[in-house]
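A short reminder: the numbers here are calculations on the coordinates, not readings from a lab. From a predicted model like this one, the values you see are computed outputs, not experimental measurements. Counting neighbours? That spans all protein chains shown, and the Cβs are built from the backbone with ideal geometry, glycine included.
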């Protein structure tokens with residue numbers, strides 16, 4: 001069983017407080033732990049992981065559809081697969097030290113299960129399922145976007161570098177990225193950035209951090225410059 005203090009620590013890392021604490025305990029309960037319990041009514045996290053996996057696919061698909069208008073279905077599928085692969089989810093799990101809070105069987109714990117990619121990835125999906133059940137779609141969507149889709153893991157093309165190459169190939173104009181707006185509560189800020197050349201705005205982008213907003217602005221600018229013969 002996880003202590004109240006541990007749950008509070010994890011909630012601080014997740015930046016989400018559960019109304020139903022049993023959901024986060026369920027998400028942390030690996031099958032190896034449940035198999036060692038005398039109470040056979042307890043469940044492991046496999047069912048809630050199944051739900052989290054479906055929510056993750058929905059949110060990532062929606063995000064890609066809205067933010068990659070120039071990409072076709074095949075490209076979008078590859079991007080989604082890269083974003084939600086085991087390694088990416090394990091990385092997201094490590095960013096919040098999720099392994100420190102997992103409930104594992106003694107053997108699994110002794111064999112380093114808390115740092116195994118497969119276990120971390122599955123537990124992260126279970127946490128997604130728990131947040132969805134406790135807080136709803138909008139809350140879990142914001143969590144996924146911040147922790148998985150815009151976490152700077154380098155999966156997406158570096159649109160800023162690509163745009164820089166396009167500009168340098170045509171002129172010596174200077175690219176300027178400017179923060180033009182911030183919205184949302186402190187724990188879920190959204191930034192808007194405009195990118196311009198010689199005072200002419202060529203793209204806008206939004207994101208949960210300035211870097212992702214700049215990348216999305218550069219992506220839009222690339223689309224715009226493809227329609228022009230001169231910068």
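Relative to the longest principal axis of the Cα atoms of the chain, the long axis of helix 4-14 makes an angle of roughly 20 degrees.
What's the ranking of 99-105, 77-83 by average number of surrounding C-beta atoms within 10 Å, highest first?
On the way: 99-105: 20.1, 77-83: 15.9.
In descending order of packing, they fall as 99-105, 77-83.
Looking at [x] 72, 34, 27; [y] 64, 34, 29; [z] 46, 44, 32, which value of Cα extents along the principal axes in Å comes from a calculation on the structure shown? It is the one labelled [x].
Please work out whether the range 96-153 counts as rounded, prolate or oblate from its C-alpha gyration tensor, where a ≥ b ≥ c are the square roots of the eigenvalues and a/c under 1.5 means rounded, while otherwise a/b larger than b/c means prolate and anything else oblate? In terms of gyration-tensor shape, oblate. Mind checking the angle between helix 73-83 and the chain's longest principal axis? C-alpha axes, 0 to 90 degrees, to the nearest 10. It works out to around 50 degrees.
Mean residue ellipticity at 222 nm, helices only, the chain: -16500 deg cm²/dmol; runs of at least 4 DSSP H residues each add -39,500 (n - 2.57), and the sum is divided by the number of residues. With 0.36 nm allotted per residue and the present C-alpha distance subtracted, the residue 95-residue 171 stretch has 23.3 nm of extension available.
For the chain, the relative contact order works out to 18 percent when only alpha carbon pairs closer than 8 Å and six or more residues apart are counted.
Ellipsoid semi-axes for the range 60-144, based on the Cα gyration tensor and the rule √(5λ), read 28, 16, 8 Å when sorted largest first. With each label modelled as a point 7 angstrom along the Cα→C-beta vector, the residue 81-residue 116 pair spans 2.5 nm. Per the Kirkwood formula applied to alpha carbons, the range 3-60 shows a radius of gyration over Rh ratio, Rg over Rh, of 1.01.
Between residue 54 and residue 35, the simple label model (points 7 Å from Cα in the Cβ direction) yields a spacing of 2.6 nm. The angle separating the long axis of helix 46-67 from the principal Cα axis of greatest extent in the chain is about 10 degrees.
So how many Å³ per residue does the convex hull of the Cα atoms of the range 161-231 work out to? The partial results should precede the final answer.
Numbers: hull volume 5.0 nm³, N = 71.
Measuring per residue, one finds 70 Å³ for the Cα hull of the range 161-231.
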